[in-house]
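Comments concern the structure below.
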Amino acid sequence: MKRIAILSDIHSNLEALQAVAKNLDVDKVIVLGDSLGYGANPNEVLEWIKDRNCTIIKGNHEEATITGNTGWFNSMAARAILWTRQVLTSANVEFLSSLEEKKLIELDGVRICLVHGSPNDPLYEYVYEETHSHFFDYYLQKEDANIIALGHTHVPFLWSSKNGVILNPGSVGQPRDGDERASFAILTVEDGVPMVEHRRVGYNIDAAANKIRSAGLPAMLAERLYDGR
Ligand SMILES: [Mn+2]
């Protein structure tokens with residue numbers, strides 16, 4: 001039996017990541033992009049990811065951090081990207097540049113496709129179950145995968161058909177489904193059969209929010225953490 005933690009959209013929120021990491025009893029950690037942007041601890045989050053030897057892909061915030069092109073972002077997100085570019089160590093910039101946009105991994109015969117957005121548009125397309133579920137069987141066949149794990153919307157879901165499973169673990173560092181607790185998923189594979197369980201953990205929002213304010217990042221980025229929006 002293998003147990004895998006699937007995390008996404010950590011967004012430089014070290015307090016949320018530490019709460020998730022506590023008692024995390026898994027063989028592997030997968031990170032679906034947007035590890036930075038919005039929050040105040042991009043380097044510390046990337047160090048954790050490297051220390052845990054996570055399987056990680058690139059999100060749109062990594063892409064903007066590398067290129068400096070914030071054309072896709074609202075003004076708050078763009079300010080956070082520019083701030084992140086100023087504080088990021090050169091080793092971490094190099095690490096971000098090495099990341100792929102899509103990865104297919106195999107675990108006990110189960111093929112898992114990892115993307116931040118969608119399989120067709122890995123960095124930018126927002127996939128909500130409500131609007132995209134009619135594409136899901138097509139995604140699974142096209143990627144030749146049993147599971148597709150994606151993030152980007154910060155809204156968790158789990159969908160399945162006879163062809164496989166599509167899941168979004170939600171966001172560790174900036175949930176947007178109205179629940180302010182950090183969101184992630186645990187995938188268990190036993191005898192080639194996958195099982196997915198979503199989890200929520202509370203964390204010290206005051207500490208994360210205070211760091212965002214002290215860093216001079218937009219105050220709204222601190223306030224929204226309390227609402228999970
Ligand atoms: Mn994100």
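FYI, it's all coordinate maths here, none of it is from the lab. These figures come from a predicted structure and were not determined experimentally. Note: ideal-geometry Cβ built from the backbone for every residue, glycine included; neighbour counts use all protein chains shown.
Please list, in chain and number order, the residues 5+ apart from residue 40 or on another chain whose amide H is under 5 Å from its amide H, with Hs placed from the backbone.
Under 5 Å from the amide H of residue 40 lie the amide H atoms of 14, each far enough along the sequence or on another chain.
Based on the alpha carbons, how large is the Rg to Rh ratio for region 99-184 when Rh follows Kirkwood? Working shown, then result.
Working: Rg = 12.5 Å, Rh = 13.0 Å.
Answer for region 99-184: 0.96.
Calculate the FRET efficiency for residue 102 and residue 54 from the Cβ-Cβ distance with a Förster distance of 25 Å, rounded to the nearest 0.05.
Computed FRET efficiency for residue 102 and residue 54 comes out at 0.95.
Among the lysines, which fall within straight-line cross-link reach of residue 2, defined as a Cα-Cα distance under 30 Å, with same-chain neighbours fewer than 8 residues apart omitted?
By straight Cα distance, residue 2 reaches 22, 28, 50, 58, 102, 103, 142, 162.
Of the chymotrypsin sites (Phe, Trp or Tyr not before Pro) in region 96-154, which ones lie in a loop per DSSP and count no more than 16 other C-beta atoms within 10 Å? Could the numbers behind the result be given before it?
Details: sites: 124, 126, 128, 135, 136, 138, 139; in loops: 124, 126, 128.
Filter output for region 96-154: 124, 126, 128.
What whole number of Å gives the distance from the Cα centroid of region 1-69 to the Cα centroid of region 87-124?
For region 87-124 versus region 1-69, the Cα centre distance is 11 Å.
Would you kindly work out the equivalent ellipsoid of region 1-123 from its C-alpha gyration tensor and give its semi-axes, the square roots of five times the eigenvalues, largest first in whole Å?
24, 17, 12
I need the peptides 181-188, 43-50 ranked by packing, meaning the mean over residues of other C-beta atoms within 10 angstrom, with the highest value on top.
Averaged packing, sorted descending, gives the order 181-188, 43-50.
What are the extents of the Cα atoms of the chain along their three principal axes, in Å, largest first?
49, 36, 34
Taking neighbour Cβ counts within 10 Å as the exposure measure, how do 213, 52 sort from fewest upward?
Neighbour counts put them in this order, fewest first: 213, 52.
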